[in-house]
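Below you'll find the structure, written out as structure tokens, and then a few comments.
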Amino acid sequence: MKEQLLKLKEEALNQLKECSGNADIEKIRVQYLGKKGELTLILRSMGSLSEEERPEMGKLANEVRAVIEEEIKAIKEEITAKENQKNAKSEIIDITMPGRIPEIGRRHPLIQVKEELESVFMRMGYDVVSGPEIDTVGNNFDDLNAPYDHPSRDRSDTFYVSDDLVLRTQTSPMQIRVMKEGKLPIRMVSTGRTFRFDDVDDTHSPMFHQMECLVVDKGVTLANLKDSIDQFVKELFGSNMKTRFRPHNFPFTEPSAEVDVSCHACMGEGCPTCHGTGWSMELLGCGMVHPNVLRNCGIDPEIYSGYAFGMGIDRVTMVKYGIPNIRLLFENDVRFLKQF
Ligand code: PHE
């Protein structure tokens, strides 16, 4: 019996060495250790042994069973490890590979300046309103007191959509729209696109942007206009910026002025950018609302007065960032836009 047991052990271990999967191992386990397995059969025949032999054989049989069970466990572990390795190889994830960085866009410099302007005025208590890019000849010219022979009405200067509709040449028709709403007092700004029949050069584009400002109340004076403009120029460009008012003419304001600010490049010292003058020209046009305009909108100029100004946002953006050519703002070259 001893030989039988040792032989069985050897055979089982040899078979286990050759098996390659869990199914094989299970077959071997049943073959040797199962209820009808070979080891069990040998144990069953122990009855025929002598009293002295029996414990010895019993011990040996248990040892054989333990050895086989251990080997099964070891081989199972080995197979599992191999499978894991195989899986790891087939689904490699390289955790050192750099991720994909999503391209995040940014606001166009013009829009940044427009929003900054709006928020400066909002902080000063103004309403921000918006209106259509196509407006009536009435709002764009007639009610703004433009004489019928004013050159800006010419078809060579203005894009007419029909006889009485134009691509607005300025944001000033927003003055008319807001005043005709009839709510007083008024403190509003309005930004948007404007259009003129201009050839493109370094400082002109047929489509550009303006911001309109209108204040109408009792007792509004030229001093208020000067002070507001001064205050917001300092807020926008810095407190060492100076303003200069030059007399000008607009049909819808009286008196009227154009405003220059200190040259951004030299802060007023005089440099090639400002041709030695120290001033950056024509930031905005302004004036006291003409009594005819107030009357056109049903407001009594004996009781109410107001001021207005209109400013080129493109110009402000160029001054603020030192951009020499307006085309850069509309070419959408990402290398340029990325700088803001
Ligand atoms: N609308 C004028 C322009 O486009 C600017 C302006 C606005 C002037 C309001 C005075 C008052 O040049």
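Residue check: Phe208 meets all listed conditions (1) open to solvent by 20 Å² or more (accessible area, probe 1.4 Å); (2) not in a strand (DSSP E or B) but one, namely (2).
Tell me, which strands (runs of 3 or more DSSP E) lie completely within the stretch 71-186 with 1 or more residues that are of a type in the set (D, E, K, R)?
Working: elements: 127-129, 134-136, 160-162, 165-167.
So the answer is 127-129, 134-136.
Quick check: is even one residue across the stretch 67-89 out of contact with any strand residue (DSSP E or B) (no Cβ under 7 Å at 6 or more places or on another chain) and at pLDDT below 80?
The answer is yes; a qualifying residue exists.
Of all residues in the stretch 14-65, count the ones that are hydroxyl-bearing (Ser, Thr, Tyr) and under 60 Å from the mean Cα position of the chain (by Cα). Break it down into steps so the answer makes sense when it comes.
Applying the first criterion (hydroxyl-bearing (Ser, Thr, Tyr)) to the stretch 14-65 yields 20, 32, 40, 45, 48, 50.
Subsequent filtering for residues that are under 60 Å from the mean Cα position of the chain (by Cα) retains 20.
Matching residues across the stretch 14-65 total 1.
Go through the residues of the stretch 281-290 one by one and say whether even a single one is more than 30 Å from Pro185 (Cα to Cα) and surrounded by fewer than 19 Cβ atoms within 10 Å (Cβ to Cβ). The answer is yes; a qualifying residue exists. The condition (being open to solvent by 80 Å² or more (accessible area, probe 1.4 Å), more than 15 Å from the ligand (Cβ to nearest atom) and under 20 Å from Phe330 (Cα atoms)) is satisfied by just one residue among Asp164, Asp199: Asp199. Of all residues in the stretch 306-327, those being out of contact with any His (no Cβ under 8 Å at 6 or more places or on another chain) and either within 14 Å of the ligand (Cβ to nearest atom) or open to solvent by 50 Å² or more (accessible area, probe 1.4 Å) (or both) number 11. Checking each residue in the stretch 262-280 for being closer than 25 Å to His209 by Cβ and open to solvent by 30 Å² or more (accessible area, probe 1.4 Å) picks out His264, Ala265, Thr273, Trp279.
The C-beta contact set for the stretch 167-184 (first residue open to solvent by 10 Å² or more (accessible area, probe 1.4 Å) and modelled with pLDDT under 95, second residue more than 13 Å from the ligand (Cβ to nearest atom) and not in a helix (DSSP H, G or I), distance under 8 angstrom, 6+ apart or interchain) comprises Gly182/Gly298. Taking the numbered list (1) away from the ligand (no atom under 11 Å from the Cβ); (2) modelled with pLDDT of 95 or more; (3) of a type in the set (D, E, K, R); (4) farther than 23 Å from Val137 by Cα in turn, Glu258 passes all entries but (1). Of all the residues in the stretch 39-55, those that are open to solvent by 70 Å² or more (accessible area, probe 1.4 Å) and either of a type in the set (Gly, Ala, Ser) or in contact with a helix residue (DSSP H, G or I) (Cβ under 8 Å, 6 or more places away or on another chain) (or both) number 2. Residue-level analysis places Pro301 among those that are more than 13 Å from the ligand (Cβ to nearest atom) and open to solvent by less than 60 Å² (accessible area, probe 1.4 Å). When His248, His204, His209 are screened for being under 23 Å from Gln170 (Cβ atoms), at pLDDT below 95 and within 16 Å of the ligand (Cβ to nearest atom), only His204 passes. The number of residues in the stretch 2-38 that are open to solvent by 80 Å² or more (accessible area, probe 1.4 Å) and assigned to a loop (DSSP other than H, G, I, E, B) comes to 3.
Checking the condition free of Cβ contacts under 8 Å to residues at least 60 places away in the same chain, within 30 Å of Leu236 (Cβ to Cβ) and not charged (D, E, K, R), which residue from Gly105, Gly34 passes?
Numbers: Gly34 fails: within 30 Å of Leu236 (Cβ to Cβ).
When all the criteria are applied, what remains is Gly105.
Can you work out which of the residues in the stretch 275-298 that are touching a strand residue (DSSP E or B) at 6+ places or on another chain (Cβ under 6 Å) and without any contact (Cβ under 8 Å) to a residue 60 or more places away in the chain is nearest to the ligand (Cβ to nearest atom)? The extreme case among them is Gly285.
The values are calculated or read from the model by the stated rules, or taken from the named source; none is laboratory data. Just so it is clear, the structure is predicted and the values come from calculations on it, not from any experiment. FYI the Cβ positions are ideal-geometry reconstructions off the backbone, even for glycines, and counts take in every protein chain you see. Protein only, heavy atoms only, side chains kept; ligands, DNA and RNA dropped before computing areas. Shrake-Rupley method; radii C 1.70, N 1.55, O 1.52, S 1.80 Å.
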